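Following: one structure in C-alpha cells, then a few remarks.
Since every read-out is calculated from the coordinates, none of them should be taken as a lab result. A quick note: this is a predicted structure, and the numbers were derived from the prediction, not measured. Positions of Cβ are backbone-derived with ideal geometry, glycine not excepted, and every protein chain shown enters the neighbour counts.
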Amino acid sequence: MVACERIFNDIKLAAICLYENGLLDLDDILACVGFSRRTFFHALRLWRREGIVSKCKSYHVGCPHALNMEDHQYLLALVNHNLEWFLDELCDLMDENWHIAIHFTTIHRELECASISVKDLQIIAQEQNPDC
C-alpha cells in the first residue's frame, strides 16, 4: 500500500498499544488503521528506542545531532527545573557537560517539541531583563 498522506501519530500509537497489549492480531490492526507492516514496525522501533512514533519534521538546514531518550529527558528536566534559563545559558550548560554533544539548534528544536514557543521565551527574557 502506497500512501501519499501523512499518518497521524495518535493512530500509530493506538496501533502500537493494541499490538503490545495483545488485544488484536497484527493483521487486524493493520487492516483497521490502513498502513503497511513496514510502517508499523518502523514506528514500533522508534517507540521502543526513543519514545516517539515518528520523527519531527525539521525545517532547519544542516546536520543537527539526534538526541537519544536519556539526553532528551535530561534536557527537559533542565528546562522544567528552571524556566527562566535562556537558550544561550542552556547551550553553555551543554558545553560544560561535554559528554552530551548537541548543538544550539537541537536545543531549540527540543524546546519546540516541549511546546515552549519563541513567544514564551521572549516573555521570559523580558521578565529577566525589563530594559529590552
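The figures follow:
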| item | result |
| --- | --- |
| Electrostatic dipole magnitude of segment 9-50 [Cβ: Lys, Arg +1; Asp, Glu -1; Cα centre; debye, to 20] | 280 |
| Pairwise label distance in nanometres, Ile52 with Arg6, each label 7 Å out on the Cα-Cβ vector | 1.3 |
